[in-house]
Amino acid sequence: MINKKIFGIILAGLLCVSCIFFYIITSNREYTIDSPYEFTLTPKDEEWDNIKTKGEALSYCHIPDDILKDMTTEALVETVLEYPFITDYFSYNSYLEAARVFEREFNGFKELFKRKDATAALLDVYETSELATENTENKEFFRVSDIEFLIAYDRIKNPDWSGEEVEEFEKLLEDKERERDNSNLYSPASSTYLRFTEEAADLL
C-alpha cells in the first residue's frame, strides 16, 4: 500500500502537470472573434439620455464572458477605444486612478492587460492612428490620446517590454509629438502618455 507521503507527492505532481497543461492550452488558444464588440447602448443612441445612474450605464458596457474570451486582442483594443467612458480619464485626479477605475468597472479593459500580445496590438494601432484635423469629428479628436493612455497603463501592468517594442514606441511617440507641435489643434496637455508616466512616477 502506498503511504500517505508518497501519495501526497504523486498528487502534487499530478496537480502541477494539470496546471502546466492548462497554462499551455489557455496561452495558445485561438481567438475566433475578430470584430469589435458592439455595446448594446451607447451615447449615440437616444435611449442613453434616459439612463439615470452610472451603474445602469455600465451595465450596457459589460461584454459577455463567452464573447470576451474569444475576441482577438486587436478586436479587444478597438472595443476598449469605443468604451463610452474611455475619455473620462481627463476628469480624474490622475490618469492612474482613472485606469484603475476602468479596470474595476469594465471587463474589456481588465481583459486587455491580461493578454500577452496587448503591447504588440497597441503599438500596431498607435502606428496607424492619425492626429485630428479641423474636419475630424470630436470623438476621433481624442483617439491618439486614448491610445497613449492605454499604452502608458500597459507599461505599468506589463513592464517586461522587449527592447524592440521600446524602440518602436519611442520612435512613434517622437513622431506624434512632432505632429502635435506642428498642429494648431493640440496643446502640450494632449500628450497623454507623457503626462500619465510623469504622474505615475510620483504615485507608484
Residues that are open to solvent by 30 Å² or more (accessible area, probe 1.4 Å), touching a residue at least 24 places away in the same chain (Cβ under 8 Å) and part of a helix (DSSP H, G or I), drawn from region 177-193: GLU179
Given the structure, is LEU172 over 19 Å from ALA200 (Cα atoms) and either basic (Lys, Arg) or at pLDDT below 95 (or both)? no
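Residues are listed down the side, and each one gets a yes or a no for (1) under 14 Å from the mean Cα position of the chain (by Cα); (2) modelled with pLDDT under 95; (3) not aromatic (Phe, Trp, Tyr):
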site	(1), (2), (3)
ASN50	no, no, yes
SER59	no, no, yes
ASP65	no, no, yes
THR73	yes, no, yes
THR79	yes, no, yes
TYR83	yes, no, no
ASP88	no, no, yes
TYR95	yes, no, no
For ALA98, are the conditions met, namely being touching a Lys or Arg at 6+ places or on another chain (Cβ under 8 Å) and either part of a helix (DSSP H, G or I) or of a type outside the set (S, T, N, Q) (or both)? no
Is it the case that ASP154 is of a type in the set (D, E, K, R) and not in a helix (DSSP H, G or I)? no
Per the filter on region 132-176, residues open to solvent by 70 Å² or more (accessible area, probe 1.4 Å) and within 15 Å of LEU96 (Cβ to Cβ) are ARG155, LYS157, PRO159
Name the pairs: first residue in region 82-107 and in contact (Cβ under 8 Å) with a residue 12 or more places away in the chain and farther than 12 Å from TYR153 by Cβ, second residue assigned to a loop (DSSP other than H, G, I, E, B) and of a type in the set (S, T, N, Q), Cβ to Cβ under 9 Å, at least 6 apart or on different chains? GLU82/THR42; PRO84/THR42
Anything in region 113-131 that is surrounded by fewer than 19 Cβ atoms within 10 Å (Cβ to Cβ) and of a type in the set (Gly, Ala, Ser)? List them, or say none. ALA120, SER129
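The values are calculated or read from the model by the stated rules, or taken from the named source; none is laboratory data. Remember, predicted model here, so these are calculated numbers, not experimental data. Cβ sites come from the backbone with ideal geometry, for glycine too, and all protein chains shown count toward neighbours. Surface areas here come from the heavy atoms of the whole protein model, side chains and all, with no ligands, DNA or RNA. Shrake-Rupley method; radii C 1.70, N 1.55, O 1.52, S 1.80 Å.
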